[in-house]
Structure formats: structure tokens, C-alpha cells
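Heads up, the thing below is written out as C-alpha cells.
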Amino acid sequence: MSNVRVRFCPSPTGNPHVGMVRTALFNWAYARHTGGTFVFRIEDTDSARDSEESYTMLLDSLRWLGMNWDEGPEVGGPHGPYRQSERMDIYKDVATKLLKSGHAYHCYCTPEELEEQREAQREAKTTPGYNGRCRKLSEIEIAEFESAGRKPALRFRMPDHDFTWPDLVRGDLTFAKEHVPDYVLVRATGEPLYTLVNPTDDALMNITHVLRGEDLLSSTPRQIALHAALAEIGVGSGKMPLFGHLPYVMGEGNKKLSKRDPESSLLMYRAEGYLPEGLLNYLALLGWSIGDDNEFFSMEEMAKAFEVSRVSANPARFDLRKCTSINGDWIRKIDSADLANRLISFLQSENLLPEKPTEAQIAALSKAVPLVQERMETLRQGALMLGFLFAKDAGITSEVTAGVGAFAIDESELANLNSDTNQALEAAANALESLDTWTTEQIESTLRSALIDGLGLKPKFAFGPVRLATAGRKVSPPLFESLELLGKERSLARIRSGIR
Ligand code: GLU
Ligand code: ZN
């Protein structure tokens, strides 16, 4: 066990998104690489924005992705509780100590006064930020504010020097002191802010490395100053964590990927049936590389190889097509029994399998999976391709009739079965009718001789209608194998009901 301690500390607001997962992944990989500890902390001090639903989703998402945490909610650990909403007394205590030691002071400025300050700074074209008005209030001034009923915020007193730190990703970074004014730690309402609780917990939880998104870069000099103050007043281990800022993830049109972009939603990937292996493999490439142009690797391989020094400072571009194609690679890589298992819930959500599939259905699925494993990139696609096997044979309809296993063809596809396709379907049904052995080879040679040699049809016009009538879609598993799996009776019934 090394002493490396990293943390993933999201706020439970809204749906989990891929930027968040990338941050979690890099921290997880670093912990696993070093034999350190991966701490999961929930930053839920903003009761107006945080939700229990989002909290549950966060835990569920990390579990689904297989990023197990060593300390955190449900797991516990020596530095708990790991939900900040349960640590309010700690923050109160730290705030008091910061005030008493002079590292922080009461600020009585009202929002209007602060706005006036900003306005004046804009006019004078000086650096914006708190001007330090309440840094040295006299007893009398304080008494006046108090008797006027003003409630003070707690503001951190920034030290009078520039800030430099060796960023693990970006190298030495410096912020001039003018750009880091005194900032609020606790609102006048008593509510502690991220600015206080995040570094406080990093200190109390002995975090050694802070790996997080570049969007938080500007908070780092403040946090470094706060860590120094906390060390002075004896809060935490007294050791400053090292900071590394992961590059931005860019979406379409070279804009930062936003929570509102559909491809940023983790739930979308789960719903479409991306494998955790595939999604994480892709997200690992956003700012890191394993070397040797290798873009296909497991999380174990990533953990083995992960060095923060190999994280790039350049923005990474999010490419959904590439993500999907890597997912397809993973689908081909896992064994077909595993794939069959993972497909079940997707067949169920497409209403193609009942809640409790029968043994026969499971057996049919196992046989069919190898047919689609090469052709699908997501589990949902696979389920849709296999749907024909589980669908009922109630005739073809464009309507998704209620109930499990309704066999439906898209209206637009259905139009492709018409008087022109009758000839092929009739000939196919008649030829297949006479078969005694129902094997792929038999089916193929029978259909070829009846439709291609017999009727002189081109393969597309010969087999296309048969495929559509039996599988319900143009993209489907290989036709002859599919017919074998579907069985003679069901195949014939479907081909006949495709005749218009
Ligand atoms: N709760 C913060 C966020 O989700 C954590 C930021 C950090 O890693 O310091 O943005
Ligand atoms: Zn003030």
C-alpha cells in the first residue's frame, strides 16, 4: 500500500456526465497504479441544487463502471463521513479556527455594496475582485454593522504574494496576487461554500494528489493558500496536496463539451448499451495515452500503465463515432455467453423478452448471439437485430402492438414489401416448404436455386424481401443462419404474411 490518496468528489446535481467519469477514471487509475487509495466523497453542501436521486445515480454509475472506491459512501473508512452534508460541524469548527487565527475575517459588505465595488473597478479598468474593505474594521464599525442587523460572511485573507505551483499536468503555473482576491468561505447565512469545504476535506482526508478538470484551475491558488492556513492551525496532515489539471474535453464546433450535449450524458451510454469496458477505454484516451499507438486496452492495463506525467495539457476532442467503434471492438472481444447475458435486459426493454425469459428463449439467444456479435456496436443495436427471433408470429404490422414480442416493421420499411416483391416471397415459401432438413446450407442452396437460378433475380431482389419479411429490418444477422434459428414453421409463416 502506498501513501497516495486521490479523491473523486462530485456534487450530486443532475445526471452524471462523461467529463466527470473521465476525472473519476484518471483518479481511480492513479490509485490503482500506485497501490494507493481512491476516496469517493460527495460534495452536497448546496441543498438547493443537490438531490438524493443524483446521489444514488452517482454511486450506481461508479459501480456500473467498475470503479470501486476504497473509502466513501456505503464503504466507510477512517475519515468519514464522506458526504459533506454530514460534516457541517467540522466546517463550523474549522471556520471558527480560521477566524480566530486571523486567516479569515468577517465581511459585512452587502451584495449591493459588492456590486458597487465591481462597477467602480470596471470604470477604473482595474482588476476585479474584493477590495479588502472589511480586512481591518474597527470595533466601532463592527458594532455599527451588527446593530444595523447585518450578518457577516466569512472571508479568507489571501497572503500578500504571488502563487506558483508545479502542476502535475501543465508544469509550473503562476497566478499574480492581484488575480486572487480575498474570497468568501462561509455565507452570511452560515452556509459553508465549496471554497472552504473542499480543501478542508482534502486536508482532513490526507489527500496527496488532486486530479481534476481544468475548469477548476482558477480555484487552485486560493486552495493552496487555504491549505497553508489549515496547516498552521493544525487542521489535517499539514501536507499540501499536489495538483494536476486534466485538459478540457471539446465537443462539436470546438466548443467545450457541455452537460447539455446529449453525448455527454452517461445515462445515454447505458441506455444505448455501451459496455463499461468500451466507454472507459474511450474516455481514457481523452488526454492520456498508453503509448505505442495502442488505443484498445482494458482498465487493468490502464491502471498498470497510468502515469500522470503522460497526461496531455492539450484539449481533447470528444468523438462519439470513435467511442462507438471502440465499443464495437469490445463487444467482439468479450465471449458470446457474456454478451448474451448482457443483451437480456436490452431485449426486455425493447419488449422482446419477458421479465422471466424461458429456458428455450435463453437457449435461442445463446445460439443467435454469434450471428450478431460481429455486426453490432451497442447492445441495443444487437437487441434490435435479434428481436425477430423473440417476436411473435402474429403477422407483420407496422404498429407495435402491446405486449411482449410484438413483431413490428417500420412503416418506411414495410413499404418495401409490395406487389414487386411477391414473386420472390412466393417462390421462397414454396421452395422452403419442401425441405426436410432445416439447416443453413439447405436453406441457402434451396433459396439460391429457386430465386437466383430459377427466377433469375439479383441477390438483392431475391433475398432482400425474405430478409425483411422474416427479420423485420434491413440490418439483421446473416439471412440463412437466421432462418435456421427461426425454424421452418415460423419462417414460412412470416414469408407468407409478407406477400401483399
Ligand atoms: N465538487 C466539485 C465539483 O464537482 C469538486 C471539484 C474538485 O475536484 O475540486 O466540481
Ligand atoms: Zn466586506
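Every read-out reported here was derived from the displayed coordinates using simple, explicitly stated rules and does not represent laboratory data. Note that the structure is a prediction, hence the values are computed from the model and not measured. No Cβ is skipped: glycine too gets one built from the backbone with ideal geometry, and neighbour counts run over all protein chains shown.
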Practice task
Report the Cys residues of the chain lacking a disulfide-compatible partner, meaning no second Cys Cβ under 4.7 Å from their Cβ.
Solution key: 9, 109, 323
Problem - Protection proxy ranking, peptides 481-491, 17-27, average beta carbon neighbours within 10 Å, highest first - result: 17-27, 481-491
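Determine, for each peptide in 454-465, 98-109, the mean count of other beta carbons within 10 angstrom over its residues, then list the peptides with the highest first.
Descending mean neighbour count gives 98-109, 454-465.
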Fill in the blank from the handout: For the chain the mean separation of alpha carbon contacts under 8 Å (6+ apart) over residue count, i.e. relative contact order in percent, is 12
Handout entry: Hz values of 3J(HN,Hα) by residue in the stretch 440-450 - Karplus curve (6.51, -1.76, 1.60), Gly and Pro given as x
Key = 3, 5, 4, 4, 4, 5, 5, 5, 4, 6, 6
Completion exercise
Note, residue 52: beta-carbon cut-off 12 Å, +1 each Lys/Arg, -1 each Asp/Glu, net -2
Practice task
Obtain the nm distance between the two label points defined at residue 426 and residue 338 by a simple spin-label model: each point lies 7 Å from its Cα along the Cα-to-C-beta direction.
Solution key: 5.1
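Pop the C-beta distance of residue 68 and residue 173 into the FRET formula with R0 = 30 Å and round what comes out to the nearest 0.05.
For residue 68 and residue 173, the calculated efficiency is 0.40.
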Handout entry: Residue-wise HN-Hα coupling along the stretch 485-500, computed from phi with Karplus coefficients 6.51, -1.76, 1.60 (Hz; x: Gly, Pro)
Key = 5, 5, x, 5, 4, 5, 4, 5, 4, 5, 4, 5, 6, x, 6, 9
Practice task
Determine, for 179, 79, the number of other Cβ atoms within 10 Å of each Cβ, and report the residues in order from fewest to most.
Solution key: 179, 79
Handout entry: Helix-only mean residue ellipticity at 222 nm for the chain, each DSSP H run of n ≥ 4 adding -39500 (n - 2.57), per residue, nearest 500
Key = -14000 deg cm²/dmol
Handout entry: Most positive-pole-ward Cα, 206, 145, 126, against dipole of the stretch 123-218 from beta carbon charges
Key = 145
Practice task
In Å³ and rounded to a whole number, note down the convex hull volume per residue for the Cα atoms of the stretch 1-135.
Solution key: 180
Problem - Residue-by-residue Karplus 3J(HN,Hα) for the stretch 259-270, coefficients 6.51, -1.76, 1.60, Hz, glycine and proline x - result: 4, 7, 5, x, 6, 8, 7, 4, 4, 4, 5, 5
Problem - FRET efficiency, residue 355 to residue 15 (Cβ-Cβ, R0 30 Å, nearest 0.05) - result: 0.70
Exercise for the section: Evaluate E = 1/(1 + (r/R0)^6) for residue 329 and residue 362, where r is the Cβ-Cβ distance and R0 equals 25 Å; express this FRET efficiency to the nearest 0.05. Expected result: 0.45
Handout entry: Beta bridges per DSSP with both ends in the chain, % antiparallel, nearest 5
Key = 50
Completion exercise
Listed with the fewest Cβ neighbours within 10 Å leading, 438, 330, 28, 288 appear as 438, 330, 288, 28
Fill in the blank from the handout: Amide H neighbours of residue 104 at under 5 Å, excluding residues fewer than 5 places away on the same chain, with H built from the backbone geometry, are 99, 157
Exercise for the section: Can you work out the PRE-style zone for residue 125? Point 7 Å along Cα to Cβ, and I want the residues of the stretch 155-182 with backbone N under 20 Å. Expected result: 178-179
Practice task
Considering the options 341, 225, 414, tell which one lies farthest towards the positive end of the dipole of the chain, charges being +1 on Lys and Arg and -1 on Asp and Glu at the Cβ, about the Cα centre.
Solution key: 225
Exercise for the section: Give, in nm to one decimal, the length gained when the segment between residue 56 and residue 113 is fully stretched (0.36 nm per residue of separation minus the Cα-Cα distance). Expected result: 16.5 nm
Exercise for the section: Please work out how much length the chain gains when fully extended from residue 231 to residue 314, using 0.36 nm per residue of separation minus the C-alpha to C-alpha distance, in nm with one decimal. Expected result: 26.6 nm
Practice task
Mind sorting 200, 208 by how few other Cβ atoms lie within 10 Å of their own Cβ, fewest first?
Solution key: 208, 200
Handout entry: Spacing of the two label points (7 Å from each Cα toward its C-beta) at residue 3 and residue 242, in nm
Key = 1.3
Problem - Lys, Arg +1 and Asp, Glu -1 on Cβ, resulting dipole of the chain about Cα centre, debye, nearest 20 - result: 380
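Out of the GluC sites (Glu not before Pro) in the stretch 25-132, which ones are loop residues according to DSSP with at most 15 other C-beta atoms within 10 Å? Could you put the intermediate results ahead of the total?
Details: sites: 43, 52, 53, 71, 74, 86, 112, 113, 115, 116, 119, 123; in loops: 43, 74.
Passing both the DSSP loop test and the Cβ count: 74.
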Handout entry: Calculated P(r) tail over 44 Å for the chain, as whole % of Cα pairs
Key = 36
